[in-house]
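Heads up, the thing below is written out as structure tokens.
The values are calculated or read from the model by the stated rules, or taken from the named source; none is laboratory data. In this text the structure is predicted, and so the values were computed from the model without any measurement. Ideal geometry is used to build each Cβ from the backbone, glycine not excepted, and the neighbour counts take in all protein chains shown.
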Ligand code: HEM
């Protein structure tokens with residue numbers, strides 16, 4: 001079995017300066033992103049067949065949530081986030097997992 005360490009690649013400062021900074025704009029310039037350094041949907045002939053659908057689905061979902069709720073990290077969430085060493089597959093990549101509170105605003 002070969003495992004591609006996507007999360008490590010996505011946080012490598014050689015490819016992404018200041019990788020811990022929340023900077024969604026870094027992904028705006030699609031043409032300058034090397035596909036081998038950005039592969040949430042895999043690469044090559046077996047990559048995700050629904051990547052475009054998934055992106056639209058996520059954007060729609062986020063839009064609806066952000067329109068109606070204020071979201072804050074819950075007290076039980078460990079901040080700053082600490083990555084779990086050796087996490088592979090669908091297991092959690094951060095210590096203690098992600099926890100948020102949702103306050104309805106509309
Ligand atoms: C954010 C959501 C999603 C992510 C991050 C994601 C990611 C991935 C990744 C990493 C692969 C493996 C690619 C590879 O082996 O190189 C994959 C394969 C696949 N995905 Fe997704 N996926 C998402 C949503 C979806 C949805 C919504 C569907 C279907 C409606 C879907 C259908 C598939 C299928 C059928 C494959 C296997 C393709 C093949 O083996 O030829 N995915 N996806």
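Structural remarks
- Among residues that are exposed (fewer than 10 other Cβ atoms within 10 Å of the Cβ) and within 15 Å of the ligand (Cβ to nearest atom), residue 44 is included.
- Filtering the range 9-34 to residues that are modelled with pLDDT under 85 and surrounded by 10 or more Cβ atoms within 10 Å (Cβ to Cβ) leaves 27, 33.
- Exactly one residue out of 56, 71, 65 is surrounded by 10 or more Cβ atoms within 10 Å (Cβ to Cβ), in a helix (DSSP H, G or I) and more than 12 Å from the ligand (Cβ to nearest atom): that is 65.
- Here residue 97 passes the criteria (1) within 16 Å of the ligand (Cβ to nearest atom); (2) surrounded by 11 or more Cβ atoms within 10 Å (Cβ to Cβ); (3) in a loop (DSSP other than H, G, I, E, B) except the one numbered (1).
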